[in-house]
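Reviewing the structure listed below.
The values are calculated or read from the model by the stated rules, or taken from the named source; none is laboratory data. Quick caveat: nothing in here was measured; it's all calculated off a predicted structure. Glycine also receives a Cβ, built like all others from the backbone with ideal geometry; neighbour counts cover every protein chain displayed.
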Amino acid sequence: MTNNLKLRERVIIGLVIILFALTAVWYFASPTRYPAIRLAELPPQQPSPAQLENTVPRAEVNAASAKAVVATLARPGSYVMNYNVTIYWDGGEYAQNIELVASSDIIMVNGEEYAKTDDSDAIAGLPTYEDILKPEVIVDEAEYKEAFGSVYLRVRYEGLLYTHEYYISLYSGLLEHARKYDDKGKTVYAMDVAG
């Protein structure tokens, strides 16, 4: 009889241990213990110039208000842009593709990694719309303009040696096209978003 009692105790203890083990496995393997994974949503298709013309609320822009309008822009925290840059001189030109990957703390330019700073665009050899905000810059022209298949904020100003013209996307908030002209109006630098 005592053997039967001991066997019964062992079976009960074994069942309790198995029950605890199954509970622990269920608890630690439960999907509710892991954070939910959300896949990034694809951005909506870029609206046509006509759609932007009718739906985007805009601040009035002119040479006097351009800096205030540009100051309201904010780049996304992380983005990837591909640019085609061409430098022109008498009798020749040099073209280069630049891939810029920006995140909260680093940028990568054509695969080379750099710490992100206020002059990250200079590292990439790209102009930036923040150039317009510099105190020494006096904006000569500013307008909303349909160009390059979309509607942009176009800003033009005279620099020390060149006239600068920037096209800032109303869709992405990024500088997508830029030109530099010499004193004769000839293009010496062109930057265009690829794609």
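Points to keep in mind about this one:
- Between Leu153, Leu133, Leu175, the distinction of being closer than 20 Å to Asn62 by Cβ, among the aliphatic types (A, V, I, L, M) and out of contact with any strand residue (DSSP E or B) (no Cβ under 9 Å at 6 or more places or on another chain) belongs to Leu133 only.
- As a summary of the residue check, Leu160 satisfies the conditions (1) free of Cβ contacts under 8 Å to residues at least 12 places away in the same chain; (2) assigned to a helix (DSSP H, G or I) except for the one numbered (2).
- All strands (runs of 3 or more DSSP E) inside the stretch 92-155 with 2 or more residues being assigned by TED's automatic domain parsing to the domain that holds Tyr181 and closer than 17 Å to Glu176 by Cα: 139-147
- Filtering Glu158, Glu136, Glu99 for residues that are of a type outside the set (Gly, Ala, Ser), surrounded by 12 or more Cβ atoms within 10 Å (Cβ to Cβ) and within 30 Å of Lys184 (Cβ to Cβ) leaves a single hit, Glu158.
- Enumeration of residues in the stretch 67-103 that are among the basic types (Lys, Arg) and touching a strand residue (DSSP E or B) at 6+ places or on another chain (Cβ under 7 Å): Lys67
- Selected residue (only one of Lys184, Lys145 is out of contact with any strand residue (DSSP E or B) (no Cβ under 9 Å at 6 or more places or on another chain) and of a type in the set (Lys, Arg)): Lys184
- Meets criteria (surrounded by 10 or more Cβ atoms within 10 Å (Cβ to Cβ), modelled with pLDDT of 90 or more and over 21 Å from Arg156 (Cβ atoms)) for Ala50: no
- Qualifying residue in the stretch 89-101 (condition: of a type outside the set (S, T, N, Q) and in contact with a helix residue (DSSP H, G or I) (Cβ under 8 Å, 6 or more places away or on another chain)): yes
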